[in-house]
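The values are calculated or read from the model by the stated rules, or taken from the named source; none is laboratory data. Values in this document were obtained by computation on a predicted structure and should not be read as measured data. Cβ: placed from backbone, ideal geometry, glycine included. Neighbour counts: every protein chain shown.
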Amino acid sequence: MANQARPFVLLEANYRQLLDDRPNVAILPWGASEAHNYHLPHGTDVIEATEVAIRAARIARERGAKPIVLPTIPFGNNEQQLDQVATIGITTRTAAAIFRDVVRSLSRQKIDRLIVVNAHGGNELKPLVRDLQGEFKSLIVLVNFWQTRAYKPDPACATEGDHANEMETSLLLHLRPEWVDMSVAGPGKRVFFTVEGLNQAGVWTPRPWSASHPDTGSGDPSHATAARGKEFFEACSSAIADVIVGVSKATKGQLPYV
């Protein structure tokens, strides 16, 4: 049987393929393993990061880019959710060590371009990018996939939210419908802080997640559809493909690749 491996996906590619068509830009999907309301899988962020990265890389490759999609990092910063069953969190120090070893390994192979496709809002990676870019002189680009294009919620959706909401539910209905159980979905309501002054714009402190979000969701998922999920998935993938093409084809001296 003919080899059906995708040569731009590291988990599938063999060494012969990588030697014959050497990549010059690595794509690192980064997710998290955590509760997503009652109806979505714990691996929602992992699925989103992986599938968007692979789809974007395919589009970019067809446009002449040379990407390689690395295995997805399945854990993120979930310190406020560790009371929830089987939620796994890593600290910023751990994330920094993993991130550094990825960049260090790539730099030894003369791959000095890395794009992180992040799918978890708790992954604060900008300071790590600054540190590693300065240390290894690599071009490192951070992409929060859900921010690359605007999701258009159903007009009947009263609470948009930011976790296991309509957007994420629509994506999973498109990507993994067999893992979504809408019959048990909670309303995704948030209990706001009662300490005076903490709910205003520009003020932030972590949400004690289970107290702030009793069903672990943030946003009404009930109006989600696979069609909206597909549209958003393709739009985000196309936007990220533009990033991959630009970084892959860049030459030294082009800002910010200096």
Tally of residues being under 29 Å from Phe8 (Cα atoms) and out of contact with any Ser or Thr (no Cβ under 7 Å at 6 or more places or on another chain) across the stretch 63-88: 8
Of all residues in the stretch 219-245 being of a type in the set (Ser, Thr, Tyr) and assigned to a loop (DSSP other than H, G, I, E, B), the one that is surrounded by the fewest Cβ atoms within 10 Å (Cβ to Cβ): Thr225
Arg207 surrounded by 20 or more Cβ atoms within 10 Å (Cβ to Cβ), touching a residue at least 60 places away in the same chain (Cβ under 8 Å) and among the basic types (Lys, Arg): no
Residue list for the stretch 26-50, restricted to those being under 9 Å from the mean Cα position of the chain (by Cα) and among the acidic types (Asp, Glu): Asp45, Glu48
Evaluation of Arg190 against (1) of a type in the set (D, E, K, R); (2) in contact with a helix residue (DSSP H, G or I) (Cβ under 9 Å, 6 or more places away or on another chain); (3) touching a residue at least 60 places away in the same chain (Cβ under 8 Å) (one fails), failing number: (3)
Residue that is surrounded by the fewest Cβ atoms within 10 Å (Cβ to Cβ) [pool: residues in the stretch 246-258 that are touching a residue at least 24 places away in the same chain (Cβ under 8 Å) and part of a helix (DSSP H, G or I)]: Lys249
Answer residue from the stretch 145-183, given it is surrounded by fewer than 24 Cβ atoms within 10 Å (Cβ to Cβ) and hydroxyl-bearing (Ser, Thr, Tyr) and is farthest from the chain's Cα centre (by Cα) among those: Ser183
Of all residues making up the stretch 23-46, the number that are assigned to a loop (DSSP other than H, G, I, E, B) and among the small types (Gly, Ala, Ser): 4
Sole residue being over 21 Å from Val180 (Cα atoms) and in a helix (DSSP H, G or I), chosen from Ala49, Ala60, Ala65: Ala60
Test set (1) among the aliphatic types (A, V, I, L, M); (2) over 16 Å from Leu10 (Cβ atoms); (3) out of contact with any Asp or Glu (no Cβ under 9 Å at 6 or more places or on another chain); (4) assigned to a helix (DSSP H, G or I) - Val102 fails condition number: (2)
Residue within the stretch 82-95 that is at pLDDT 95 or above, under 30 Å from Ala250 (Cβ atoms), out of contact with any Cys (no Cβ under 9 Å at 6 or more places or on another chain) and not hydrophobic (A, V, I, L, M, F, W, C) present: yes
Restricting the stretch 1-49 to residues that are among the hydrophobic types (A, V, I, L, M, F, W, C) and under 30 Å from Pro187 (Cα atoms), the residue that is surrounded by the fewest Cβ atoms within 10 Å (Cβ to Cβ): Ile47
